[in-house]
Amino acid sequence: MNNSTFRKSLTAAAIATTLGFPALVAAQEAGANDVERIQVTGSRIKRTDTETASPITVFDSEAIENSGFTSMEKFIHNIPSMNGGYNGSNTNNGSVGYASANLRGLGSARTLILINGRRYASGDLNSIPMAYIERVEVLRDGASTIYGSDAIAGVINFITKKDFEGAEFSAQYDLTGEGDGETTKVSGVIGATSDKGNVTLALEYQNRNPIWQGDRDFSRYPLSESGGEIVRGGSSTIPYGNWSAADEDSQYNSGNAGTSFVVDPNTGEIRPYDGQQDAYNFAPASYMVTPQDIFSINASANYELTRDLSAFMEGGFTNRQSDQLMAAEGTFWGPTVAGDHPDNPIGEDLYIYRRLAETGGRSFTQDFSDYRMVFGLEGYLDNGWSWDISYNYARYVDSRVEYGRSNPERIGNLLDPTLCDADEECPGLWNPFQEGTFTQEFQDYATIPNSPVDRATTKQLMANLTGDTGSFGLPAGPVSWAVGVEKRWEEYQNQPDGGAILGQIYSVAAEPTEGSYDVQEAYMEINAPLLAGMPGVERLDLSAAVRRSDYDFLDAQTTTKFGLEYVPTTGTLVRATFAEGFRAPGIGDLYSPQVESNISYTDPCTDYGTGSQSQTVKDNCAAEGLPGDFSLDNNQSSTLVGGNPDLKPETSESFTLGVVYQPEFIENFSVAVDYYDIEIEDGLGAPSTSAIISECYNSENFSANSCDLILGPEAVGRPGYSGSEFRDSQGYMAGILAGTANISTFTTSGFDFDVKWAADLGDGMFNLRVDGTVLDEYKYLAQEGAETLELAGKFGADTNFGGRVAAFPELRTNLTMGYQIGDFDWSWITRYQDGVTDINYDVDDLSSEVGSYVYHDVQMNYFFSETTTFTLGARNVFDKQPPYVTNNNDMNTLNSSYDTAGQYWYGRISMKF
């Protein structure tokens, strides 16, 4: 089959639609009497063109298919305007199966995710079925006046298929070049249309198998650095116990500051712990790419009740079953082995850090269900004004079960003869100084599953009216306007496991939390044509919007937005916006439980005796009694994170200025460049663990305010390091208080650019698209009095994702080239991101810089018949491996920023009827 004519027409129409103002001119020149008015993301006014003052990037279903990705998570993460950290398939520790977006690097909470312009409760990208999506519209400026809270960085609006007729079925199978990570996706969309309405039904199922960290060379072992070399590292919590004497006057502490001991598994002798020999390799027991099963069913219907009145409905359900697996839990709190324990090697109380390797690991599972229902009416008044009213109900239930968690009280019983004798259920004393001794009997007694449940509900009642002033407009034309009201209810509940409430599960929140709020809002938006049809001014429009938001727990908030569209000549648009932003604390910000999280950090005292640290740092490290060659096998602090009911809203100001150009002398060509500048005050966030520690240790005699945020080991139930208020008995920083607070300010600016071109080439058609973002500035102030951090072109802790280390490259760009000839359609995608340098650059580190990275994807479609298409493709076709960096978060690399799975091959069959 030769689809050339059809595809040429489709591509030209797509370009004209993206560059909306010439499309309107073309329609008028063609003598169109009625040009359909549509609503675009970022405005409630229905217009005849899609190019507004606000910069919008549109990706249609063909672009989504050509990416080769099987999930919307991966597609969104690879849009150049996304930056910083993410939760998703590359995140094993801390993702809980959730996939998020990070527009401008400002965090998922400031990126509003919509479905057909309406909110849904979870915001999980896994809940968006690819087969059901007609297009994705990414609004790259603030939209709080249009959509309310949470749109500070911008909006991602998923537009679903409507008025669909026929049937589409697709099946895709992916496999890495290493033969693992199998992913299978099947989907189907069917629809029927009559002269009164349409019904569309979509189903999608995806299964993704895991990839293990131990299955890749770069992550097979946790790496560390010693003596100017990269060496194998690991955890000092080991399967045969790393221990230290509890008595500060013990002979095992005298002259051995900072030294811990093991019972050598080969000789049975007591010797000092040696990280190179003893450290536990946790990589083989951890996922690199996490597995999941996702099923979704979505439907929509619209029916014309009368000529000017229609009813519509939308419904969606997604079930996600996801898993994360990490190495077995250890006795990280340092329980006491009683001196009279028969296997105690020194006959006195000691603290032991023992890896419970016999359990096989910590498994975190989620059975997550996401519901969405929308009912509404829409119609037209006699004067042409249009209106709509809708009720949106969205809810999710996240049921989790975690296996392999330990009961500290019962672990203590197994290590103390007196306590064990007092408990009738105690199976006997456990010898923690040998590997393989934590038998199933001990596991049944001292490990416990954790089964918390999260629930959240969003209810949204909206009414909108839009039209124009008709003959009473300005000389340049009528003034378009929109007004509306909205009432929204938000509810959240976290129900911990009963064992956690009783304090029987280590490092798990123990208090149920719940909360709710409601907000009433009203907005008004206008678009006024100031000038038209004049020399040098083909069109000059001014837009303005205002929204009033009245929360039941906050003072009422007002935000405004102004925009300007200037068309000097046909084919050129100059646009600008200024917007105030507003983000109320979310349910999770307010009420999520406080939990302990082991967050990677940079320890200022590492090798301080010969390092380049300041004298103040060296003095503070020495004051703690740390040896000059102090080192740790892995730098993870026990950090306390969670919600805060006393939060206030954050505010922002954003400015954009851009130009869109479609020269008349180049057919089907357009280019757009937009400058953006966003400033956020009173930002909600958790302070960076590394920043807190660095500021504290860089102050004389620990005098900085940040030192008050280091609560010490007692706050997390761990024994302390002799001479230090901040460290546990192994030397790790402990009890960092990093809960959500109004502490942050952000300033970011840069440029977005995109180029589109389609042209006949030989007997086929060539298509080119370039999307890119230049990050000029990204400044972050973690808290008052701290140093302002500049992350543009750097990698460092992303405060919006729990301090996860991620890259903020100055340039990200995607180049897509396609050529369609006869029954074949080829595409090549090049994904580029600039090099980055560690924000905590240290000359002693072996890898504080990463060069630029380029990934290449290729795809070939073969149109077998009118109904059937075969697709073969590869992502990361040259198998580019991620970089090693000294200051890494996991897998020895920046797993949020670089492809960890490697080369993926895939095949797909699609059928359309």
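Each value in this text was obtained by applying a stated rule to the coordinates, not by laboratory testing. Computed from a prediction, not measured in an experiment: that's the story for all the values here. In this analysis, Cβ positions are derived from the backbone assuming ideal geometry, glycine residues included, and neighbour counts consider all displayed protein chains.
Where a ≥ b ≥ c are the square roots of the eigenvalues of the C-alpha gyration tensor, would you call the range 161-279 rounded, which needs a/c under 1.5, or, failing that, prolate if a/b is larger than b/c, or oblate? Here the range 161-279 falls in the prolate category.
All other residues whose Cβ lies under 10 angstrom from that of TYR676 are scored, Lys and Arg at +1 and Asp and Glu at -1, for a net of -3.
Show that you can apply the helix-only estimate: for the chain, add -39,500 (n - 2.57) for every DSSP H stretch of four or more residues, divide by all residues, and state [θ] at 222 nm to the nearest 500.
The per-residue figure over the chain is -2500 deg cm²/dmol.
Restricting the calculation to Cα atoms, the range 698-791 shows an Rg/Rh of 1.38 when the hydrodynamic-style radius is the Kirkwood one.
For ASN93, the shell of other residues with beta-carbons less than 12 Å away shows a net charge of +1, using +1 for Lys and Arg and -1 for Asp and Glu. Each of the peptides 642-651, 388-397 was scored by the mean count of other Cβ atoms within 10 Å over its residues; in descending order, highest first, they stand as 388-397, 642-651.
This ranking places THR183, THR747, THR869, THR569 by how few other beta-carbon atoms lie within 10 Å of each, fewest first, which gives THR569, THR747, THR869, THR183. Reported value for the range 605-734: 221 Å³ per residue, from the convex hull of its C-alpha atoms. Dividing the C-alpha radius of gyration of the chain by 2.2 N^0.38 Å, with N its residue count, gives 1.01. Projecting the Cα atoms of THR893, ILE666, GLY88 onto the charge dipole of the chain, computed from C-beta unit charges around the Cα centre, puts ILE666 farthest toward the positive end. Plainly put, the range 461-594 has a radius of gyration that is 1.26 times its Kirkwood radius, both from alpha-carbon atoms, as the Rg/Rh ratio. Across the range 345-495, counting alpha-carbon atoms alone, Rg and Dmax equal 31.1, 97 Å. For the range 512-650, the equivalent ellipsoid derived from the Cα gyration tensor has semi-axes of 53, 28, 11 Å, listed largest first. Evaluated at q = 0.23, 0.26 Å⁻¹, the base-10 log of the normalised Debye intensity for the range 634-699, with identical point scatterers placed on the Cα atoms, takes the values -1.06, -1.12. In this structure, the pairs whose alpha-carbon distance is over 21 Å, taken from LYS161/LYS487; LYS756/LYS794; LYS161/LYS912; LYS46/LYS561, are LYS161/LYS487; LYS756/LYS794.
Evaluated with a Cβ-only charge set (Lys, Arg +1; Asp, Glu -1), the chain carries a dipole of roughly 2960 debye about its Cα centre, given to the nearest 20. Entry note: the range 122-190 has Rg to Rh equal to 1.11, where both radii use alpha-carbon atoms and Rh is the Kirkwood radius.
By the beta carbon rule, with partners counted only under 4.7 Å, the chain holds no lone Cys residue at all. The alpha carbons of the range 333-389 occupy a box of 93, 20, 12 Å along the principal axes, longest dimension given first.
A Cβ-based charge dipole, computed about the Cα centre of the range 687-806 with Lys and Arg at +1 and Asp and Glu at -1, lands at about 320 debye. For the range 695-746, what is the Kirkwood hydrodynamic radius in Å, using each pair of distinct C-alpha atoms? The answer is 11.8 Å.
Among TYR351, PHE433, SER480, pick out the residue whose Cα is farthest towards the positive end of the charge dipole of the chain, where Lys and Arg carry +1 and Asp and Glu carry -1 on C-beta, about the Cα centre. Checked the options; the winner is SER480.
The equivalent ellipsoid of the range 798-913 has semi-axes of 38, 14, 12 Å, largest first, where each one is the square root of 5 times an eigenvalue of the Cα gyration tensor. Put simply, when 903-911, 357-365, 685-693 are sorted by average Cβ atoms within 10 angstrom per residue, most first, you get 685-693, 357-365, 903-911. Helices meeting the span-like rule in the chain (full DSSP H runs, Cα extent of at least 18 Å along the helix axis, mean Kyte-Doolittle score of 0.0 or higher): 4-18.
For the range 731-882, a Kirkwood hydrodynamic radius built from all Cα pairs, placed in the Stokes-Einstein relation at 10 °C and 1.306 mPa s, yields a translational diffusion coefficient of 83 µm²/s. Note down the net charge around ARG307, summing +1 for each Lys or Arg and -1 for each Asp or Glu among other residues with Cβ under 12 Å from its Cβ. Overall, the nearby charge balance is -3. Here the Debye sum runs over all C-alpha atoms of the range 40-103 as equal scatterers in vacuum, and log10 of I(q)/I(0) at q = 0.18, 0.19, 0.22, 0.26 Å⁻¹ comes out as -0.81, -0.86, -0.99, -1.12.
Restricting the calculation to Cα atoms, every distinct pair contributes to the Kirkwood radius of the range 75-169, found to be 14.0 Å.
Ordering 704-711, 579-586, 232-239, 609-616 by mean Cβ neighbour count within 10 Å, with the highest value first, yields 579-586, 232-239, 704-711, 609-616. Largest first and in whole Å, the equivalent-ellipsoid semi-axes of the range 233-348 read 61, 16, 12, each the square root of five times a Cα gyration tensor eigenvalue.
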